[in-house]
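Let me begin by presenting the structure, written as C-alpha cells, before commenting on it.
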Amino acid sequence: MNFTEKRSMEKHHDILHEFPEFKEKITALKTSDAHFRKLFDEYHELDHAVHRAETNTEPTTDVHLNELRLKRVQLKDQIYNMLKS
C-alpha cells in the first residue's frame, strides 16, 4: 500500500462530507426524525471506530475491521435512501 492509499483509508467518511448536497435535509432530519438521528449517530460511531482501527489507534483484526466497514456501508445506504426520499 502506498502513502496516498494509506492516507485515503485514514480519512473520516462523515455523512455531511459524503452527501454535501443534502446538508440542509440532514440537519432537518436530525432534529425531526428519531430514526434518522439514531442511524446518523450509529454511522458516526462506526466511522470513528473504523478510523481508529485504520490508524492503529485501536488495533483490531482485519476481519473485525471489514465487519465495521460493512456495517458502515449498510448504514450509509439506509441514510442515503432516507435522504433521497
Most positive-pole-ward Cα, Leu75, Ile26, Leu65, against dipole of segment 3-84 from beta carbon charges:
Ile26
Gaussian network model of the chain, Cα within-10 Å springs - most flexible of Val73, Val63, Val50
Val63
Can you count the Lys pairs in the chain with C-alpha separation below 13 Å, eight or more apart or on different chains?
5
Before rounding to the nearest 500, sum -39500 (n - 2.57) across all DSSP H runs of length at least 4 in the chain and divide by the residue total; then give [θ] at 222 nm in deg cm²/dmol.
-24000 deg cm²/dmol
Based on other C-beta atoms within 10 Å, arrange Asp77, Asp47 from fewest to most.
Asp77, Asp47
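Read-outs throughout are calculated quantities, based only on the coordinates presented, and are distinct from any laboratory measurement. Remember, predicted model here, so these are calculated numbers, not experimental data. So basically every Cβ, Gly included, is an ideal-geometry build from the backbone, and we count neighbours across all protein chains shown.
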